[in-house]
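Submitted below is the structure of interest, expressed as structure tokens.
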Amino acid sequence: MHTVNFLIALVEHHQILTYAIILVGLLLEGEVIIISTGVLAHLGALNIWVALVFILAGAFCKTFFGYRLGEFLYHKFNHNRFFRYIQKRVYGVLPGFKSKPFWSIFVSKFIIGANNIVILFAGFEGIDFKKYLRAEIYATLVWAPLLLSLGYIFSYTALSVSSDVWGFLGIMLALFTIFVLFDRFVGWLYEVFQEFYEGKN
């Protein structure tokens with residue numbers, strides 16, 4: 001029966017690969033990667049400060065490339081039905097995107113699955129790049145340490161219950177599921193608030 005030490009040793013022997021996965025993974029996804037990094041940092045398998053550098057590098061690469069990709073997609077496919085659907089989806093989740101892009105971009109960082117679409121859409125809609133960049137930087141500087149800390153809390157909680165690697169991972173999965181459900185609920189509340197606020201104005 002393997003303990004958590006098996007997982008720690010596995011990561012320690014493949015640290016360069018792990019940091020590369022963090023960097024590349026941030027281009028595609030965020031929450032799972034950062035929380036997992038926080039877990040591994042708490043276990044001592046990764047250096048928290050080195051990990052944070054890779055997380056910020058990955059996040060800022062996505063910020064730049066995503067916006068430019070959005071601009072490219074606008075010039076090539078601005079009349080495409082799929083992008084009209086994406087536009088409707090973004091305005092559904094973030095009704096104030098056009099009138100208050102800074103806060104919409106900032107808030108999207110904390111709604112699972114929303115930020116990737118918003119980054120592309122900011123470029124697609126031609127949102128002022130300086131305003132977009134400022135919102136992304138501020139949001140990332142809050143978002144990344146927050147999720148890393150959450151990874152620490154999840155790891156501490158799971159480890160206090162079980163040191164068996166499968167038991168540990170099972171508890172981690174349960175905690176992450178609760179986090180996703182909570183995030184969805186908060187995202188729904190924000191959407192309702194935005195619709196109510198926009199309706200009053």
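Values in this text are rule-based calculations from the coordinates and carry no lab data. Bear in mind the structure is a predicted one, so any value in this text is a computation, not a measurement. Cβ coordinates were reconstructed from backbone atoms using ideal geometry, including for glycine residues, and neighbour counts include every protein chain displayed.
Going toward the positive end of the dipole of the stretch 4-200, with +1 on Lys and Arg Cβ and -1 on Asp and Glu Cβ, which of SER36, LEU120, ALA59 do you reach last?
LEU120
Alpha carbon centre of the stretch 49-126 versus the stretch 153-191: separation in Å?
26
How far is helix 15-28 tilted off the main Cα axis of the chain, in degrees rounded to 10, range 0 to 90?
20
Mean residue ellipticity at 222 nm from the helices of the chain, using -39,500 (n - 2.57) per DSSP H segment of n ≥ 4 over the full residue count, to the nearest 500 deg cm²/dmol?
Computed mean residue ellipticity for the chain: -28500 deg cm²/dmol.
Scan the stretch 71-100 for trypsin sites (Lys or Arg not before Pro) in coil per DSSP, keeping those whose Cβ has at most 12 other Cβ atoms within 10 Å, and list them by number.
LYS98
Quote the charge dipole size of the stretch 13-99 about the Cα centre in Debye, to the nearest 20; the model charges only the Cβ of Lys and Arg (+1) and of Asp and Glu (-1).
Details: 8 positive and 3 negative charges, 123 e Å.
Approximately 580 debye in magnitude.
To the nearest 10 degrees, how steeply does helix 31-43 sit against the main Cα axis of the chain, on a 0 to 90 scale?
The two axes meet at around 30 degrees.
For the pairs LYS76/LYS131; LYS98/LYS131; LYS76/LYS109, flag any whose C-alpha to C-alpha distance is greater than 22 Å.
On the way: LYS76/LYS131 24 Å; LYS98/LYS131 12 Å; LYS76/LYS109 27 Å.
Correct reply: LYS76/LYS131; LYS76/LYS109.
Against the longest alpha carbon principal axis of the chain, how many degrees, from 0 to 90 and to the nearest 10, is the axis of helix 48-77 turned?
Rounded to the nearest ten degrees, it is 30.
Give me the number: length gained by fully extending HIS13 to GLU29, i.e. 0.36 nm times residue separation minus the C-alpha to C-alpha distance, one decimal in nm.
That pair, HIS13 and GLU29, stretches by 3.3 nm at full extension.
Next question, about the same structure. Estimate the FRET efficiency between ILE178 and ARG89 by the formula 1/(1 + (r/R0)^6), using the beta-carbon distance for r and 22 Å for R0, to the nearest 0.05.
Numbers: r = 25 Å, r/R0 = 1.15.
It comes out at approximately 0.30.
For the stretch 1-103, what is the convex hull volume of its Cα atoms per residue in Å³? If you can, show how the numbers build up before the last one.
Numbers: hull volume 15.6 nm³, N = 103.
Normalising the Cα hull of the stretch 1-103 by residue number yields 151 Å³.
If you wrap a convex hull around the alpha carbons of the stretch 10-69, what volume per residue comes out, as a whole number of Å³?
65
From the convex hull of the Cα coordinates of the chain, what is the mean projected area in square nanometres?
12.3
Give, in nm to one decimal, the length gained when the segment between PHE185 and SER163 is fully stretched (0.36 nm per residue of separation minus the Cα-Cα distance).
Values: separation 22, 0.36 × 22 = 7.92 nm, distance 3.12 nm.
Here the segment from PHE185 to SER163 would lengthen by 4.8 nm.
Once you charge only the Cβ atoms, +1 for Lys and Arg and -1 for Asp and Glu, what is the size of the charge dipole of the chain about its Cα centre, to the nearest 20 debye? Write out the running numbers ahead of the final one.
On the way: 15 positive and 12 negative charges, 170 e Å.
In debye, rounded to 20, the chain gives about 820.
Next question. At 0.36 nm per residue, minus the direct Cα-Cα distance, what do PHE82 and ASN5 gain on full extension? Give it in nm, one decimal, please.
23.0 nm
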